[in-house]
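First up is the structure itself, then whatever we jot down about it.
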Amino acid sequence: MWSETIGYRAYLKPYLKRFFSFVAESIPLTGKEDLLDLGCGTGEVALGFAPFVASLTGMDLERPMLEEAAKRAQAMDRRIRLLHAKVEDAPEDLGPFHLITMGRAHWFMHTPAAIARLDRWLSPSGRILVCVPLQNPDDAEWHRVYSATRRRWVKGIDRELLKLTVDQFFEGTDFVPVERVVAFGERKLELEHLIYRALGTPSTTPAILGADTGRMIAEMRAAMEPYFRAGPIMEKHVTYGLICRRRQDS
């Protein structure tokens, strides 16, 4: 469950702050729009757009994630309506929304029923954004080693789902790409933060690994220590998003 990542999410690849302003300029957003974020988790995407829209609504299947999103919104002095529902089962009369967003969990909403709900909730000439932080944009060796080491301990998630890219999400549907938005950045990364990142990934959380948690941490630390001998390293970050519209909309 994604809620098992709470407490570690600050160490995941971030949605870069400048990405939200780039999207707002590209659409463009005027500050009068209503936004719906699906699979909102702790609110990273929805709250990132808070300065650019009139209202925020987040939907998620896990109550602990919604509770954390509410805490984050309160800390930021932002209002957000939070709905506990699966996209396919949510009310058909929800909305309309000028912008519907999906982040890391977009692959869980790739069903005909979910696409039909999106079409029903999206306002005329509205936009849908699917966005993710790219995992290894500069093909760094240390990141390949990290990923291979973590994958040896993966449990509990269908890896086939993770192969669905942002660009593939609307293939074969009535939605078409309008624009691609990319933001670049970097920040200092410490070895312990990388360990926390692994523990904050749904398929290798302590709840999933159980007694194997310590063994994964030990293997991860041994594999990654050579890259951190001189101290923290600079990690490249890229947030990528695809803005789509209905095929018949102008």
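Table for the structure above
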quantity	calculated
Between 0 and 90°, nearest 10: helix 112-121 axis offset from the chain longest Cα axis	50 degrees
Heavy atoms of W142: accessible area, 1.4 Å probe, square angstrom to 10	30 Å²
Debye, to nearest 20: dipole size of the chain, +1 on Lys, Arg Cβ, -1 on Asp, Glu Cβ	460 debye
Cβ-Cβ FRET estimate between A85 and D212, R0 fixed at 35 Å, reported to 0.05	0.55
DSSP beta bridges in the chain [antiparallel fraction, %, rounded to 5]	55 percent
Charge tally in the Cβ shell below 11 Å around A140, where Lys, Arg are +1 and Asp, Glu are -1, A140 excluded	-2
Gap separating the Cα centres of segment 42-92 and segment 218-232, nearest whole Å	36 Å
Two-site label geometry, A223 and R18: point separation in nm, points 7 Å out along Cα→Cβ	3.1 nm
Separation of the E25 and D174 label points, Cα + 7 Å toward Cβ, nm	3.4 nm
Cα-based Lys pair tally, the chain, threshold under 17 Å, eight or more apart or on separate chains	6
Answer label for Rg and Dmax of the Cα atoms in Å (calculated), chosen among (1) 18.5, 56; (2) 20.3, 69; (3) 18.1, 60	(1)
Percent accessible area from carbon and sulfur atoms, the chain, protein chains only, probe 1.4 Å	52 percent
The chain - accessible surface per residue (Å², probe 1.4 Å)	49 Å²
Virtual spin-label span in nm between A116 and E192, 7 Å along Cα→Cβ	5.1 nm
Relative contact order computed over the chain (Cα-Cα under 8 Å; 6+ residues apart), in percent	25 percent
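The values are calculated or read from the model by the stated rules, or taken from the named source; none is laboratory data. On a predicted model such as this, the values are computed, not experimentally measured, just so you know. Cβ sites come from the backbone with ideal geometry, for glycine too, and all protein chains shown count toward neighbours. Note: accessible area is taken over every heavy atom of the protein model, side chains too, but ligands, DNA and RNA are not part of it. Shrake-Rupley method; radii C 1.70, N 1.55, O 1.52, S 1.80 Å.
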